[in-house]
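**Student:** This is the structure I want to talk about, given as structure tokens.
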Amino acid sequence: MVPPRPLTALRVAPGPRADWFSPAAAHALTSTSWTVQPASDRTGVRLGGNALGRRIGDLPSEPTVIGAIQVPPDGQPIVLGPDAGVSGGYPVLAVVLDADVDALAQVRPGEQVRFRWA
């Protein structure tokens, strides 16, 4: 069995829908570690941890990019991967920097990631 890697740190920039989140949610994104969930794949890396609070309501589908951190209503972030669709309907709190996307692709379920503002 391959031992888990140490915590993977990823730099992020504010996303286009950061206004859908409180300052506390933005702080929570970067002040805690997130566990990669088994349902992760090339479409998206699903993360588990304390739910991020977000505005309630509908958001029309918008263009997305690899590394976008979407937050569905359950508050558990999903980092979009290379096979994600070109549009999405969840607000994007932050985006993983291009330089760190490859590191994200290496994490396995059960491993931990942590974000920090670039």
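**Student:** For the stretch 19-38, how many residues are part of a helix (DSSP H, G or I) and crowded, with 16+ Cβ neighbours inside 10 Å?
**Tutor:** Residues that pass the stated criteria total 5.
**Student:** Got a number for residues in the stretch 93-113 being more than 19 Å from Thr64 (Cβ to Cβ) and of a type in the set (Asp, Glu)?
**Tutor:** Residues meeting the conditions: 1.
**Student:** Output the residues belonging to the stretch 103-118 that are farther than 12 Å from Val12 by Cα and assigned to a helix (DSSP H, G or I).
**Tutor:** Selection gives Ala103, Ala105.
**Student:** Follow-up question, since we're still on this one. Within the stretch 93-114, restricting attention to residues that are among the acidic types (Asp, Glu) and in contact (Cβ under 8 Å) with a residue 60 or more places away in the chain, which residue is nearest to Gly48 (Cα to Cα)?
**Tutor:** Glu111
**Student:** Given Val79, Val113, Val92, Val107, which one is in contact with a Pro (Cβ under 7 Å, 6 or more places away or on another chain) and not basic (Lys, Arg)?
**Tutor:** Val92
**Student:** Further question on the same structure: Evaluate the stretch 54-72: report whether one residue or more is of a type in the set (Gly, Ala, Ser), modelled with pLDDT of 95 or more and more than 11 Å from the chain's Cα centre (by Cα).
**Tutor:** The answer is no; no qualifying residue exists.
**Student:** I'd like to check something: does the stretch 84-92 contain any residue that is closer than 16 Å to Ala13 by Cβ, touching a residue at least 12 places away in the same chain (Cβ under 8 Å) and under 8 Å from the mean Cα position of the chain (by Cα)?
**Tutor:** The answer is no; no qualifying residue exists.
**Student:** State yes or no: is Asp19 among the charged types (D, E, K, R), out of contact with any Cys (no Cβ under 8 Å at 6 or more places or on another chain) and over 17 Å from Leu104 (Cα atoms)?
**Tutor:** Spelling it out, Asp19 is indeed among the charged types (D, E, K, R), out of contact with any Cys (no Cβ under 8 Å at 6 or more places or on another chain) and over 17 Å from Leu104 (Cα atoms).
The values are calculated or read from the model by the stated rules, or taken from the named source; none is laboratory data. Just so we're clear, the structure is a prediction, and the values are computed from it rather than from any experiment. All Cβ positions, even for glycine, are placed from backbone atoms using ideal geometry, and neighbour counts span all protein chains on display.
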